[in-house]
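What follows is a short report on a single structure.
The values are calculated or read from the model by the stated rules, or taken from the named source; none is laboratory data. The structure displayed is predicted, hence computed values, not measured ones. Reconstructed Cβ throughout: ideal geometry from the backbone, glycine too, with neighbour counts over all protein chains shown. The protein model used for the area step is the full one, side chains on, heavy atoms only, and it has no ligands, DNA or RNA in it. Shrake-Rupley method; radii C 1.70, N 1.55, O 1.52, S 1.80 Å.
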Amino acid sequence: MPSFDEVLKEAGEFGRFQKRVFFLLSQTGITFSSLFASVVFLGRAPDNFWCRIPGAAELSEQCGWTLEEERNFTVLPLHPGNESISGECERLDVTWDTSVSCTSPLARYGNRSTGNLPLAPCHGNWVYEQPHSSIVSEYDLVCGDAWMLDLSQAILNLGFLAGAFILGYAADRYGRILIYLLSCLGVGICGIIVAFSPNFTVFLIFRFLQGMFGKGTWMTCYVIVTEIVGSDQRIVGIVIQIFFTLGIIILPGIAYLIPTWQGIQLAISLPNFLFLLYYWVVPESPRWLLTRKKGEKALKIMRNIAKHNGKFLSPHYSEITISNEEVSNPSFLDLVRTPQMRRNTLILMYAWFTSALIYQGLVMRLGIIGGNLYLDFFISGAVELPAAFLIIVTIDRIGRRLPFAMSNIVASIACLITAFLPEDILWLKTTVATLGRLSITIAFEVVYLVNSELYPTTLRNFGVSLCSSLCDLGGIIAPFLLFRLAAIWLELPLIIFSILAAVCGLLVLLLPETKGISLPETVDDVEQLPSHFGKCGKRRKHPDTNSYI
């Protein structure tokens with residue numbers, strides 16, 4: 001009886017069928033990255049807003065003021081007395097008298113400076129020039145409540161974290177494609193509810209759920225793609241990252257064309273319903289079916305793959321062999337029970353955490369260069385495109401481990417140099433920081449591929465989901481780490497980033513090299529992977545000893 005990899009090679013390791021499935025599932029990267037970065041446009045700060053005084057409606061009706069005249073008479077008088085007060089978060093706490101003159105409602109206070117008049121904080125009486133342009137103006141996330149915008153992004157990352165655990169586990173137990181389709185449905189439904197949330201609490205609840213299901217779509221589609229191609233074609237795990245970057249590049253165009261946050265939210269959520277059509281064109285992972293003792297279904301799918309690829313499987317194949325390792329519900333203990341698995345898991349968790357924290361930290365530090373949000377965001381996304389191409393041209397030539405380590409080391413050096421470059425050579429400082437971002441992007445993309453290659457089929461989806469959950473933790477911590485340390489010394493975060501990246505670069509050298517090696521099917525396969533330096537070619541089991549040669 002042939003092994004799965006032998007059948008896959010005969011059916012075609014990356015033929016027409018796999019290319020079609022890869023292209024279809026890659027579209028998930030566009031919608032997921034749009035969800036990931038959408039807060040930039042959903043939470044845009046309003047261009048102009050001000051605090052409306054109590055009883056303003058009655059005053060305006062009595063004097064026949066327009067909204068602009070109301071602002072001129074009740075807010076602008078703050079400026080002559082105190083230039084630091086803009087009228088956005090505070091208002092004059094006085095009795096307004098229009099009985100004498102509607103054009104001088106403060107006449108009763110004579111020549112007193114408005115700087116000497118009492119002030120009161122504004123509570124829920126803001127007026128916006130564009131009231132539905134963002135969630136900030138929709139839910140009054142300004143002044144003392146401005147921190148709630150950060151909370152909304154933290155809640156999304158918590159959803160990603162929950163999705164990594166819950167849906168990662170579910171995909172290993174109930175199937176990749178089933179969880180993928182349910183996740184797509186969940187993202188679409190939750191996205192619609194988010195767009196029409198009656199209050200901020202409902203917004204946060206379904207923002208969390210959309211993040212959870214969004215993580216389910218992204219991680220599961222990634223695992224499906226890597227499990228249906230041959231060991232020499234797993235570079236598709238890197239190529240799929242290009243579609244994530246395309247989502248980042250497309251998002252500002254969507255936001256530019258759609259003026260309201262509800263429209264943007266719907267534009268990035270509704271396409272997920274189209275992915276439900278994949279039920280008829282994307283099969284269950286045959287590798288997963290084999291681990292669940294469903295060999296007949298797996299063989300049927302492999303014959304279909306061969307047919308679409310113009311190949312032919314021997315009619316004598318009645319079963320595909322897999323290890324006799326017992327299939328059980330995955331748990332964290334399965335990832336740390338044996339020495340090699342334990343070392344891989346701990347290093348990968350740290351690599352995920354470090355990559356996410358440094359990546360988001362550098363993005364926030366570089367900020368938006370210039371005044372055009374849409375153009376600057378587009379350019380910042382385009383910077384990431386070379387990362388995937390650099391990986392593609394190197395990873396199958398020199399392996400995974402060295403580019404993984406070097407990208408972290410270069411990021412570390414770039415952060416350290418940037419920290420000590422003087423401010424008067426801003427162009428050089430920005431260029432070196434951008435090099436750091438490019439390097440950490442490479443590390444971020446390589447960890448996706450390496451993670452999926454270092455776990456057996458029975459634990460792959462759960463292992464990738466669990467380790468990548470540290471990415472979400474890093475995303476939650478990054479803004480707090482950046483801004484708190486920057487308050488002490490502006491460049492201190494870069495020093496921390498440099499240390500974290502340097503340690504990561506050294507640790508990943510301890511991982512096994514997986515270039516050209518078949519995906520491990522069992523924990524024993526992982527334990528047999530070489531972890532020393534040297535040439536690592538394809539390995540196979542000896543027919544008599546069952547050991548690797």
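Anything in the stretch 6-48 that is within 16 Å of the chain's Cα centre (by Cα), among the polar types (S, T, N, Q) and surrounded by fewer than 22 Cβ atoms within 10 Å (Cβ to Cβ)? List them, or say none. Don't jump to the end; show me each part of the working.
Looking only at the stretch 6-48, we keep the residues that are within 16 Å of the chain's Cα centre (by Cα), and these are 26-42.
Now drop any that are not among the polar types (S, T, N, Q), which leaves 26-28, 31, 33-34, 38.
Once the filter is applied, which keeps residues that are within 16 Å of the chain's Cα centre (by Cα), among the polar types (S, T, N, Q) and surrounded by fewer than 22 Cβ atoms within 10 Å (Cβ to Cβ), the stretch 6-48 yields SER26, GLN27.
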The one condition in (1) open to solvent by less than 10 Å² (accessible area, probe 1.4 Å); (2) of a type in the set (A, V, I, L, M, F, W, C); (3) assigned by the TED database to the domain that holds VAL236 that CYS51 fails to fulfil = (3)
Being in a helix (DSSP H, G or I) and hydroxyl-bearing (Ser, Thr, Tyr) is the filter; apply it to the stretch 139-181 and report the residue that is nearest to the chain's Cα centre (by Cα).
-> SER152
For the stretch 170-187, how many residues meet the condition of being farther than 20 Å from LEU466 by Cβ, buried (at least 23 other Cβ atoms within 10 Å of the Cβ) and out of contact with any Gly (no Cβ under 8 Å at 6 or more places or on another chain)?
-> 1
Would a scan of the stretch 478-487 turn up a residue that is open to solvent by 10 Å² or more (accessible area, probe 1.4 Å), among the basic types (Lys, Arg) and modelled with pLDDT under 75?
-> yes
Just checking, how many residues over the stretch 394-406 are open to solvent by less than 40 Å² (accessible area, probe 1.4 Å) and without any contact (Cβ under 8 Å) to a residue 60 or more places away in the chain?
-> 1
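Look through the stretch 200-211, keep the residues that are surrounded by fewer than 24 Cβ atoms within 10 Å (Cβ to Cβ) and touching a helix residue (DSSP H, G or I) at 6+ places or on another chain (Cβ under 8 Å), and return whichever of them is nearest to LEU151 (Cα to Cα).
LEU204
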Filtered residues of the stretch 408-444 (kept if closer than 18 Å to ILE235 by Cβ and open to solvent by 10 Å² or more (accessible area, probe 1.4 Å)) | ILE442, PHE444
Can you find a residue in the stretch 260-275 that is in the same structural domain as LYS300 (by the TED database) and under 30 Å from SER518 (Cα atoms)?
-> yes
Being open to solvent by 40 Å² or more (accessible area, probe 1.4 Å) and at pLDDT 70 or above narrows it down to one of ILE549, ILE499, ILE517, so name that one.
-> ILE499
Name the residue, out of LEU492, LEU511, that is under 26 Å from the mean Cα position of the chain (by Cα) and within 22 Å of ASP396 (Cβ to Cβ).
-> LEU511
Identity of the residue in the stretch 392-406, in a helix (DSSP H, G or I) and at pLDDT below 85, that ends up nearest to the chain's Cα centre (by Cα) | ILE392
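For the stretch 218-258, how many residues are outside any helix (DSSP H, G or I), surrounded by fewer than 24 Cβ atoms within 10 Å (Cβ to Cβ) and not small (Gly, Ala, Ser)?
In the first step, residues of the stretch 218-258 are kept if they are outside any helix (DSSP H, G or I); the result is 228-230, 234-235, 258.
Among the residues that remain, those that are also surrounded by fewer than 24 Cβ atoms within 10 Å (Cβ to Cβ) are: 229-230, 235, 258.
Filter again for not small (Gly, Ala, Ser), leaving 229, 235, 258.
Qualifying residue count, the stretch 218-258: 3.
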Within the stretch 195-204, is even one residue closer than 20 Å to LEU473 by Cβ and part of a helix (DSSP H, G or I)?
-> yes
With respect to GLU491, is the statement that it is acidic (Asp, Glu) and open to solvent by less than 20 Å² (accessible area, probe 1.4 Å) true?
-> yes
Within the stretch 270-289, the residues that are open to solvent by less than 10 Å² (accessible area, probe 1.4 Å) and modelled with pLDDT of 95 or more are ASN272
